[in-house]
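Working notes, beginning with the structure itself.
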Amino acid sequence: QVQVVESGGGLVQAGGSLRLSCAASGIIFSITAMGWYRQAPGKQRELVATITTGGITNYADSVKGRFTISRDNAKNTVYLQMDSLKPDDTAIYSCNVEVWRPSGAGRYDYWGQGTQVTVSS
């Protein structure tokens with residue numbers, strides 16, 4: 001019953017903005033980080049932005065200054081505010097939830113189904 005559900009994708013003109021949300025539920029392990037990845041047609045999935053439970057952020061160079069990641073740890077929710085969107089931002093954006101399992105089980109990742117972001121020129 002683990003669910004990672006994204007929302008907020010859509011079609012927007014270049015220069016516009018979108019706000020993505022991702023809510024995780026049913027995860028019994030402690031979440032250590034959440035983030036966003038994207039995959040455009042014909043390209044490998046790439047990191048967009050991540051944020052740890054402690055608030056440390058990491059951004060891809062291509063989105064620095066335009067995208068902002070934030071989170072609500074109590075709600076197991078992460079957001080991605082995307083401003084000054086470019087056609088090259090067009091991709092399926094997927095939410096990643098990183099957990100650390102006890103008893104030496106180690107790191108594990110949950111993934112959402114993805115939400116389409118399309119930026120027209």
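For the stretch 44-72, the set of residues classified as farther than 16 Å from Val97 by Cβ, charged (D, E, K, R) and in contact (Cβ under 8 Å) with a residue 12 or more places away in the chain consists of Glu46, Arg66, listed by residue number. Report yes if Leu11 is within 17 Å of Thr118 (Cα to Cα), crowded, with 18+ Cβ neighbours inside 10 Å and not basic (Lys, Arg), otherwise no. Answer is no for this residue. Annotation: Thr53 fulfils all but one of (1) more than 12 Å from the chain's Cα centre (by Cα); (2) polar (S, T, N, Q); (3) buried (at least 16 other Cβ atoms within 10 Å of the Cβ); the unmet one is (3).
Tallying residues that are charged (D, E, K, R) and either surrounded by 14 or more Cβ atoms within 10 Å (Cβ to Cβ) or within 13 Å of the chain's Cα centre (by Cα) (or both) within the stretch 88-105 yields 2. One residue stands out in the stretch 21-30 among those that are aliphatic (A, V, I, L, M) and in contact (Cβ under 8 Å) with a residue 40 or more places away in the chain: the one that is most open to solvent (accessible area, probe 1.4 Å), namely Ala23. Selection of the stretch 51-86 for residues being closer than 21 Å to Ser121 by Cβ, among the small types (Gly, Ala, Ser) and not in a loop (DSSP other than H, G, I, E, B) yields only Ser62.
For (1) open to solvent by 30 Å² or more (accessible area, probe 1.4 Å); (2) of a type outside the set (Lys, Arg), each residue gets a yes or a no:
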| site | (1), (2) |
| --- | --- |
| Gly16 | no, yes |
| Arg19 | yes, no |
| Asp61 | yes, yes |
| Gly65 | yes, yes |
| Lys86 | yes, no |
| Trp111 | yes, yes |
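Here Ala33, Ala40 are screened, and the one residue that is in contact with a strand residue (DSSP E or B) (Cβ under 7 Å, 6 or more places away or on another chain), at pLDDT 95 or above, small (Gly, Ala, Ser) and open to solvent by less than 20 Å² (accessible area, probe 1.4 Å) is Ala33.
The values are calculated or read from the model by the stated rules, or taken from the named source; none is laboratory data. All figures in this text were calculated on a predicted structure; none of them were measured in a lab. Using ideal geometry, Cβ is built from the backbone for each residue, glycine included, and neighbour counts are taken over all protein chains shown. These accessible areas exclude ligands, DNA and RNA; they are computed on the full protein's heavy atoms, side chains included. Shrake-Rupley method; radii C 1.70, N 1.55, O 1.52, S 1.80 Å.
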